[in-house]
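Q: Dumping the structure here so I can ask a few things about it.
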Amino acid sequence: MKFTLQWVIATFGGFLLSLLLIEIGEKPDINVLQGVVGGLLVALPQAFILRGRLKNPWLWVWSSLAGWVFVTTAGIGAVGWMVLSTQVLLLRVVYGMILGAIAGFSMGLAHWFAIQQHSPLALQWVLISSVSWALGVGIGSTVGGLLYHLTQLFLGEVVGLAVTWFVVAVFTGVYGGKIL
């Protein structure tokens, strides 16, 4: 439970800190540099939490950066900082879950390289990451779309991204504590 709470605070706190430097937008608006900066601001506090579990927590940071570079350059987009352009809720759920699963798989695979020597369950991290991001982006983009529809304020989309990161942080924290 202690690990999960620390992980959620580190991950969600890193996302909130990233909002000071990254402008939230639609897919074409978020570039690789923004994905890397945001990824770094999330990975650094995560590495701090992992310092007692990994011999070299900097590998976590480097693998996170590699994952975000891949996700943004491969056309998936920096899913943690972009909003979906459609306002059709069903499409937000489906498209969000698909994008989230692909991005989560990519990030999980990148992280696997950093943790494989430290845990015999490291390969499970790829699945946990994929499912966590699929659920997070699906739920978060739906919440963001609903709030935007109700208020006509883009702030609703930002709240949706916060929901995304919170869901991802909780799921990866709960299962990561068993794997990492």
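Q: Given a cut-off of under 8 Å on Cα pairs at least six residues apart, what relative contact order in percent is computed for the chain?
A: 25
Q: While we're looking at this one, here's another question. Just one of [x] 15.8; [y] 18.6; [z] 19.4 is Kirkwood radius over Cα pairs in Å as worked out from the coordinates here. Which one is it?
A: After the calculation, the listed value that fits is [x].
Q: If you don't mind, there's one more thing I want to ask. Counting trypsin sites (Lys or Arg not before Pro) as exposed when in a DSSP loop with at most 15 other beta carbons within 10 Å, what is the longest stretch of the chain free of them?
A: Here the longest segment lacking exposed loop sites spans 56-180.
Q: Note down the relative contact order for the stretch 65-139 as a percent, whole number, built from C-alpha pairs under 8 angstrom at least six residues apart.
A: Normalised by residue count, the contact order of the stretch 65-139 is 37 percent.
Q: Run lengths n ≥ 4 of DSSP H only: what is the helix-derived mean residue ellipticity at 222 nm for the chain, with -39500 (n - 2.57) per run over all residues, to the nearest 500?
A: Roughly -26000 deg cm²/dmol at 222 nm, from the helical runs in the chain.
Q: Over 19 Å apart: what share of the alpha carbon pairs of the stretch 119-180 falls there, rounded to a whole percent?
A: When every Cα pair of the stretch 119-180 is considered, 38 percent fall beyond 19 Å.
Q: Still on this structure: Whole Å is fine, so just give me how far the alpha carbon centre of the stretch 106-144 lies from that of the stretch 76-103.
A: Here the answer is 16 Å between Cα centres.
Q: Next up: For LEU146, what is the net charge nearby, where nearby means another residue's Cβ is under 14 Å from its Cβ and Lys, Arg count +1, Asp, Glu -1?
A: Details: positive: ARG92; negative: GLU157.
In short, 0.
Q: Would any residue of the stretch 72-110 have its amide N under 18 Å from a label point 7 Å out along Cα→Cβ of TRP62? List them or say none.
A: Zone members listed by number: 107-110.
Q: Show the residues, 5+ positions off or on another chain, whose built amide H is closer than 5 Å to the amide H of VAL83.
A: Answer set, sorted by chain and number: GLY25, GLU26, LYS27.
Only the coordinates and a few stated rules stand behind these numbers; no lab work does. Keep in mind the model is a prediction, meaning the values are calculated, not measured. Reconstructed Cβ throughout: ideal geometry from the backbone, glycine too, with neighbour counts over all protein chains shown.
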